[in-house]
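The values are calculated or read from the model by the stated rules, or taken from the named source; none is laboratory data. Because the structure is predicted, anything quoted here is derived from the model rather than measured. Reconstructed Cβ throughout: ideal geometry from the backbone, glycine too, with neighbour counts over all protein chains shown. Accessible surface is based on the protein model in full, side chains and every heavy atom, while ligands, DNA and RNA are left aside. Shrake-Rupley method; radii C 1.70, N 1.55, O 1.52, S 1.80 Å.
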There are 2 protein chains.
Amino acid sequence: MAILFGGVPAVAKQWRKLLAEMLPTMEFRVWPEVGDPNDIEFVLWRHPKQGVLATLPNVKALFTMAAGVDHLDYDDIPAGFPIVRVVDPGMQENISTYAITWTLYFHRHFHAYEEQKARREWKVLPTAIPEKTPVGILGLGTLGTITARCLTTMGFPVAGWSRTAKSLDGIECFHGPDGVLPLMGRSKIVIVLLPMTAETKGVINAASLAAMPEGGFLINVARGAMVVDDDLLAALDNGHLAGAALDVFNEEPLTSDHPFWTHSKIRMTPHNASGPNVPARARQLADDILRIQRGEAPSQPVNRHARY
Amino acid sequence: MAILFGGVPAVAKQWRKLLAEMLPTMEFRVWPEVGDPNDIEFVLWRHPKQGVLATLPNVKALFTMAAGVDHLDYDDIPAGFPIVRVVDPGMQENISTYAITWTLYFHRHFHAYEEQKARREWKVLPTAIPEKTPVGILGLGTLGTITARCLTTMGFPVAGWSRTAKSLDGIECFHGPDGVLPLMGRSKIVIVLLPMTAETKGVINAASLAAMPEGGFLINVARGAMVVDDDLLAALDNGHLAGAALDVFNEEPLTSDHPFWTHSKIRMTPHNASGPNVPARARQLADDILRIQRGEAPSQPVNRHARY
């Protein structure tokens, strides 16, 4: 009875220590030291090496290490292999808080005051009134809905977009392919909280950015591939957009020659909006392993057909 | 029956227009065009010119233009002159949101990620967990209490300090001169939301900053004189403090040669955390004038003995 872990040694060490306390009878093996493949009952691996999963006959669950599961190579995961998401309870709160912090930062002109500071300029900008700053959220899943509710409570007029029609109290709802431009057209600040699918790739492009009002802001907390980098840069450079906060990028780590690094209107973080809390995740993992061993369903199974 | 307004022409024009709609029978005069001093029943003036108030025999209220009233020269205000605060309803929310935005900004390492961006460095910093970031609030008046409640809801362990003993559910309360250092000693982030009095002047100094844990942050939304600038700079430069967000300064506008302008660990705004909403203030002013004319008390009288 063993777990196979795939990942860098420092992270493996942290998980080994935590799981030794929580699941003392479970062996912890780190790829490529698989040992007897028949022993492996659980796999904990963000990017499983191609072909490896098919060599493990007794796996009861593949645990992903992210909320998003678009990175998985589904063709390489044997049919009948249950896939389970490992998210910690604070993760949704972390992502939502991340989006809200940048929303308030832009809304309160803190980006503009940074520029004024560099010029030693003391000038009071017009008072920021939440009621006059419409916020649009692309994605009304758990994360989008939490974020929409918080911002509505703060007084912002919030609208959301989802693939299929939704109805949320106090939130203007748009949906379907034709709903994207109207959502962006009424939103001074756009927050991207979509799952990554073929349909959401490149959703932030020249056309959708042009639909936004002059001086708008973009916050991307979902996946880098939803943004066409060159279109975002053009919108920032021609002044149509006033700023962007990005946690995710088309290529990660961001290559050192990427123009985002030196762009004064871009705020960025290295894909950690979710701020993984490893001890909390380990508790969820251990709990799910115990459930599966008792014959119960894990807490957050992934639908491999919908791919999210 | 007239209002005497003291202030720059652009602001006078804005108030004249708003009050003409709300109080159509009231004349609006702008200093120094006082006209017959007997006509003046209400004075709207942040810094009344010395000696002028004593020449107006029929004044029913002096309206200040700020939440803080420490700027007034009380010796120059005739006894019996009622002083009324003019704050708009959004102001408390604005100040609280200001403090919360910078709290989240520092808590989520956004300041450190800005530095990493300048170095093109992609490095994930330890996950920020609200439960492990104690926040201390100096001042438990309306603003301090609202801010404390919001941060507590977000999971931060919050403590507060007030001049006299207070008890607030879920918030560790310190008080009196001996309570300042213990409050600062347990707080990674300190928010200053005190009224300006002789006792609060210079409360943020070498000794109180030294009491804070290594790598702490200061947010000042109260008055500049509560901070000893050189002590704050020393704490930032020797690395004891990791950052500061300042809305208020010992001298305003901040002189162009002040070291704060170029300090990379300082975020600053030009004394507008309260983000005055002039139409909302005008409504409160008009409402108070009507109350006074009906013989009722104004909504927010100032206690001239306590001076806040």
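Below is a table of values for the structure above.
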{"item": "Members of segment A:179-205 found to be surrounded by fewer than 20 Cβ atoms within 10 Å (Cβ to Cβ) and small (Gly, Ala, Ser), listed by number", "result": "A:GLY179, A:GLY185, A:ALA198, A:GLY202"}
{"item": "Any hit, segment A:183-191, residues being of a type outside the set (A, V, I, L, M), closer than 24 Å to A:LEU104 by Cβ and touching an Asp or Glu at 6+ places or on another chain (Cβ under 9 Å)", "result": "yes"}
{"item": "Test: residue in segment B:146-161 that is under 25 Å from the mean Cα position of the chain (by Cα), more than 20 Å from B:GLY243 (Cβ to Cβ), among the β-branched types (Val, Ile, Thr) and within 13 Å of another protein chain (Cβ to nearest Cβ)", "result": "yes"}
{"item": "Condition met for A:GLU121 (modelled with pLDDT of 95 or more and open to solvent by 10 Å² or more (accessible area, probe 1.4 Å))", "result": "yes"}
{"item": "Elements of type strands (runs of 3 or more DSSP E) in segment A:118-215, at least 3 residues being of a type outside the set (A, V, I, L, M)", "result": "A:158-162, A:172-175"}
{"item": "Any hit, segment A:283-297, residues being touching a Phe, Trp or Tyr at 6+ places or on another chain (Cβ under 7 Å) and within 14 Å of chain B (Cβ to nearest Cβ)", "result": "no"}
{"item": "Selection status of B:ARG85, under 23 Å from B:GLY224 (Cβ atoms), among the basic types (Lys, Arg), under 25 Å from the mean Cα position of the chain (by Cα) and more than 8 Å from chain A (Cβ to nearest Cβ)", "result": "yes"}
{"item": "Scope segment A:115-143; condition facing chain B (nearest Cβ under 7 Å) and farther than 30 Å from A:ASP178 by Cα; matching residues", "result": "A:LYS117, A:ARG120, A:TRP122, A:LYS123, A:VAL124, A:THR127, A:ALA128"}
{"item": "Unique residue being at pLDDT 95 or above and either surrounded by fewer than 17 Cβ atoms within 10 Å (Cβ to Cβ) or in a helix (DSSP H, G or I) (or both) when the list is A:ALA234, A:ALA306, A:ALA282, A:ALA244", "result": "A:ALA234"}
{"item": "Residue among B:ILE219, B:ILE266 that alone is of a type in the set (A, V, I, L, M, F, W, C) and within 13 Å of the chain's Cα centre (by Cα)", "result": "B:ILE219"}
{"item": "Residues of segment B:83-105 that turn out to be open to solvent by 10 Å² or more (accessible area, probe 1.4 Å) and either touching a Phe, Trp or Tyr at 6+ places or on another chain (Cβ under 8 Å) or not in a helix (DSSP H, G or I) (or both), as a count", "result": "2"}
{"item": "A:GLY136 in contact with a Ser or Thr (Cβ under 9 Å, 6 or more places away or on another chain) and within 18 Å of A:ALA211 (Cα to Cα)", "result": "yes"}
{"item": "Residues that are farther than 17 Å from B:THR269 by Cβ and within 14 Å of chain A (Cβ to nearest Cβ), drawn from segment B:62-82", "result": "B:MET65"}
{"item": "Criterion (over 14 Å from the mean Cα position of the chain (by Cα) and free of Cβ contacts under 8 Å to residues at least 12 places away in the same chain) met by exactly one of B:VAL59, B:VAL124, B:VAL52, B:VAL135", "result": "B:VAL124"}
{"item": "In segment A:248-262, the residues that are β-branched (Val, Ile, Thr) and either out of contact with any strand residue (DSSP E or B) (no Cβ under 7 Å at 6 or more places or on another chain) or assigned to a helix (DSSP H, G or I) (or both)", "result": "A:THR255, A:THR262"}
{"item": "Identity of the residue in segment B:1-25, touching a strand residue (DSSP E or B) at 6+ places or on another chain (Cβ under 8 Å) and open to solvent by 90 Å² or more (accessible area, probe 1.4 Å), that ends up nearest to B:ALA54 (Cα to Cα)", "result": "B:MET1"}
{"item": "Residue in segment B:69-78 that is at pLDDT 95 or above and out of contact with any Cys (no Cβ under 9 Å at 6 or more places or on another chain) present", "result": "no"}
{"item": "Residues satisfying the stated conditions in segment B:1-47, i.e. touching a residue at least 12 places away in the same chain (Cβ under 8 Å), small (Gly, Ala, Ser) and over 14 Å from B:ALA286 (Cα atoms)", "result": "B:GLY6, B:GLY7, B:ALA12, B:GLY35"}
{"item": "Number of the condition not met by B:ARG108 [criteria: (1) over 20 Å from B:PHE217 (Cα atoms); (2) at pLDDT 85 or above; (3) crowded, with 21+ Cβ neighbours inside 10 Å; (4) of a type in the set (D, E, K, R)]", "result": "(1)"}
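Table: residues versus (1) under 19 Å from A:ALA297 (Cα atoms); (2) exposed (fewer than 12 other Cβ atoms within 10 Å of the Cβ).
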site: A:GLU27; (1), (2): no, no
site: A:GLU33; (1), (2): no, yes
site: A:GLU41; (1), (2): yes, no
site: A:ARG46; (1), (2): no, no
site: A:PRO57; (1), (2): no, yes
site: A:ASP70; (1), (2): no, no
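Okay, residues lined up against (1) in a helix (DSSP H, G or I); (2) in contact (Cβ under 8 Å) with a residue 12 or more places away in the chain; (3) polar (S, T, N, Q):
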{"site": "B:ALA222", "(1), (2), (3)": "no, yes, no"}
{"site": "B:ALA225", "(1), (2), (3)": "yes, yes, no"}
{"site": "B:SER264", "(1), (2), (3)": "no, yes, yes"}
{"site": "B:ALA297", "(1), (2), (3)": "no, no, no"}
